[in-house]
Ligand SMILES: [Mn+2]
């Protein structure tokens with residue numbers, strides 16, 4: 001398939017265009033959307049950027065304000081019709097993190113494994129470290145003049161999605177880095193990278209530190225209040241950074257049930273399979289080899305009894321499966 005920017009621009013020209021990121025957008029999704037918005041504008045095509053959910057983290061909010069481009073919560077866009085052309089970025093229609101927007105999805109720009117059976121009219125899909133690297137490739141290929149602000153946002157998005165060029169990096173990401181490094185404001189990126197935590201987030205870290213328990217190489221921590229998914233994931237990564245921990249299991253209260261975030265740096269333990277098996281019949285879990293998420297439904301929590309009984313049951317389930325997986329490998 002022809003996946004050049006020019007082909008996408010011709011498809012969109014003359015239509016009302018909406019760029020939709022995945023729900024709860026991260027810096028890579030924001031950077032991709034803004035880069036596409038600028039490319040289209042350069043070609044005389046107006047578009048609007050939107051997302052469902054919220055922009056949760058401070059550094060993502062800061063990234064979203066680098067450029068003077070309005071980014072709408074989809075609930076605010078009350079005039080969307082079936083006639084509008086929607087471009088999904090950093091994800092695909094029918095993904096669980098893509099709330100359906102009125103309007104017709106015609107194009108997709110994504111770097112995740114391709115799973116949808118939906119037939120897009122235009123597809124830019126490549127497994128690379130960051131979606132923003134695909135947009136940067138278009139900036140390079142078209143020769144569009146790029147501002148320092150856009151270069152900064154794209155480079156920040158790429159750095160975030162590749163964990164600072166250490167995960168899933170391809171030559172496409174390196175080429176993007178090489179192009180952007182000269183143009184980006186590195187002191188601004190440094191500041192963004194050091195603004196990942198809010199003061200209120202420390203409560204969750206504090207609670208997790210208070211009750212961390214390590215069994216073999218599995219670190220468990222419970223956050224006894226509600227907090228956003230992104231924060232639970234950050235705490236899970238923090239627990240994983242302990243030298244004695246190779247699997248982290250962090251869970252927080254969620255509407256009477258529990259919300260989980262699991263990380264694995266042990267290649268014998270697939271985090272998604274571990275959590276999927278552990279939560280079978282009491283909730284729902286799954287994900288990738290290194291990161292997974294899940295929930296325990298409220299109705300099971302009531303049967304478990306008090307907090308300590310609940311923690312024991314969860315821990316036993318996970319450790320039992322952990323040991324089976326270690327033996328099998
Ligand atoms: Mn991404």
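The values are calculated or read from the model by the stated rules, or taken from the named source; none is laboratory data. The structure displayed is predicted, hence computed values, not measured ones. Here the Cβ is made from the backbone with ideal geometry for all residues, glycine too, and neighbour counts use every protein chain on show.
Any residue that is assigned to a strand (DSSP E or B) and within 16 Å of the ligand (Cβ to nearest atom) - is there at least one of those in the stretch 45-57? Reasoning before the result, please.
So the first thing to find is which residues in the stretch 45-57 are assigned to a strand (DSSP E or B), and the list is 47-51.
Narrowing further to those that are within 16 Å of the ligand (Cβ to nearest atom): 49, 51.
Yes, because at least one residue in the stretch 45-57 is assigned to a strand (DSSP E or B) and within 16 Å of the ligand (Cβ to nearest atom).
Quick one: residue 221 ticks every box in (1) modelled with pLDDT of 95 or more; (2) touching a helix residue (DSSP H, G or I) at 6+ places or on another chain (Cβ under 9 Å); (3) part of a helix (DSSP H, G or I) except a single one, so which number is it?
With (1) modelled with pLDDT of 95 or more; (2) touching a helix residue (DSSP H, G or I) at 6+ places or on another chain (Cβ under 9 Å); (3) part of a helix (DSSP H, G or I) applied to residue 221, the lone miss is (3).
Collect the residues in the stretch 115-138 that are within 14 Å of the ligand (Cβ to nearest atom) and farther than 16 Å from residue 12 by Cα, keeping them in residue-number order.
The initial filter retains those residues of the stretch 115-138 that are within 14 Å of the ligand (Cβ to nearest atom), namely 124-136.
Hits for the stretch 115-138 are 125, 126, 127, 128, 129, 130, 131, 132, 133, 134, 135, 136.
If you scan the stretch 12-32, which residues turn out to be touching a strand residue (DSSP E or B) at 6+ places or on another chain (Cβ under 6 Å) and in a loop (DSSP other than H, G, I, E, B)? I'd like the intermediate steps shown before the answer.
Here is the first cut: in the stretch 12-32, the residues touching a strand residue (DSSP E or B) at 6+ places or on another chain (Cβ under 6 Å) are 12, 15, 17-21, 25, 29, 32.
15, 25, listed by residue number.
With the requirement that a residue be within 18 Å of residue 34 (Cα to Cα), assigned to a loop (DSSP other than H, G, I, E, B) and over 20 Å from the mean Cα position of the chain (by Cα), what does the stretch 69-94 give you?
69, 70, 77, listed by residue number.
Give the residue, chosen from 61, 57, that is surrounded by 20 or more Cβ atoms within 10 Å (Cβ to Cβ) and closer than 27 Å to residue 287 by Cβ. Write out each step before concluding.
Working: 61 fails: surrounded by 20 or more Cβ atoms within 10 Å (Cβ to Cβ).
The conditions single out 57.
Kindly indicate whether any position in the stretch 201-215 is modelled with pLDDT of 95 or more, outside the structural domain of residue 316 (by TED's automatic domain parsing) and part of a loop (DSSP other than H, G, I, E, B).
Scanning the stretch 201-215 turns up no residue that is modelled with pLDDT of 95 or more, outside the structural domain of residue 316 (by TED's automatic domain parsing) and part of a loop (DSSP other than H, G, I, E, B).
Inside the stretch 161-188, can you point out the residues that are at pLDDT 95 or above and crowded, with 20+ Cβ neighbours inside 10 Å?
173, 176, 177, 180, 184
How about the stretch 96-112: which of its residues are away from the ligand (no atom under 12 Å from the Cβ), more than 13 Å from residue 50 (Cβ to Cβ) and surrounded by fewer than 18 Cβ atoms within 10 Å (Cβ to Cβ)?
Selection gives 96, 104.
What is the residue count in the stretch 192-209 for residues that are touching a residue at least 60 places away in the same chain (Cβ under 8 Å) and surrounded by fewer than 18 Cβ atoms within 10 Å (Cβ to Cβ)? Break it down stepwise before answering.
Keep residues of the stretch 192-209 that are touching a residue at least 60 places away in the same chain (Cβ under 8 Å), which gives 192-193, 195-198.
Remaining after also requiring surrounded by fewer than 18 Cβ atoms within 10 Å (Cβ to Cβ): 193, 195-198.
Here the count works out to 5.
Taking the conditions exactly as written (crowded, with 20+ Cβ neighbours inside 10 Å, more than 19 Å from the chain's Cα centre (by Cα) and either at pLDDT 95 or above or within 16 Å of the ligand (Cβ to nearest atom) (or both)), does residue 29 satisfy them or not? Steps first, answer last, please.
Details: crowded, with 20+ Cβ neighbours inside 10 Å: yes; more than 19 Å from the chain's Cα centre (by Cα): no; either at pLDDT 95 or above or within 16 Å of the ligand (Cβ to nearest atom) (or both): yes.
No: the conditions fail for residue 29.
Going through 47, 133, 117 one at a time, which residue ends up being closer than 19 Å to residue 20 by Cβ, free of Cβ contacts under 8 Å to residues at least 60 places away in the same chain, surrounded by 15 or more Cβ atoms within 10 Å (Cβ to Cβ) and not assigned by TED's automatic domain parsing to the domain that holds residue 288?
Working: 133 fails: closer than 19 Å to residue 20 by Cβ; 117 fails: surrounded by 15 or more Cβ atoms within 10 Å (Cβ to Cβ).
One residue alone meets the criteria, 47.
Identify, please: which residue in the stretch 139-160 is more than 16 Å from the ligand (Cβ to nearest atom), touching a residue at least 40 places away in the same chain (Cβ under 8 Å) and part of a helix (DSSP H, G or I) and is, among those, surrounded by the fewest Cβ atoms within 10 Å (Cβ to Cβ)?
Per the criteria, the residue is 141.
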